[in-house]
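What follows draws every value from the coordinates through simple rules; no lab data is involved. What you see is a predicted model, and the numbers here were worked out from it, not measured in a lab. Cβ placement follows ideal geometry from the backbone for every residue including glycine, while neighbour counts extend to all protein chains displayed.
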Amino acid sequence: MELETIKKSGTKAIDLQIGVRLREVRKNAGLSQKIVAERLGISFQQLQRYEQGENRVTAASLHHIAQLFGLPMEYFVSGEAAKDTR
């Protein structure tokens with residue numbers, strides 16, 4: 001999905017960026033949505049919504065996700081999308 005298209009539909013670019021990076025990290029770790037969701041204590045449907053940028057990830061959830069993958073929270077929110085929070 002293209003960031004500009006998503007922004008026009010109401011989803012903020014930062015939500016999409018977090019989702020894209022979450023999906024990328026999960027796949028690189030070779031983990032299914034079901035396994036990651038279980039480790040986060042959420043449904044796999046909720047994880048799907050996070051990955052698609054449909055649902056906003058709270059700071060607490062993002063912290064838990066970052067810990068799960070051994071990454072800093074900034075990994076998920078750095079870049080151009082993080083600058084456009086309007």
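Model label sites at His63 and Ala29, defined 7 Å from Cα along the beta-carbon direction, differ in position by 1.8 nm. Computed from backbone phi, the HN-Hα couplings of segment 46-58 come to 5, 4, 4, 5, 4, 5, 8, x, 6, 10, 6, 8, 6 Hz, rounded to whole numbers (Karplus: 6.51 cos²θ - 1.76 cosθ + 1.60, θ = phi - 60°; Gly and Pro given as x).
Taking Lys and Arg as +1 and Asp and Glu as -1, the other residues whose beta-carbon sits under 13 Å from that of Gln45 total -1. With K and R counted +1 and D and E -1, the other residues having a Cβ less than 10 Å from that of Ser32 yield a net charge of +2.
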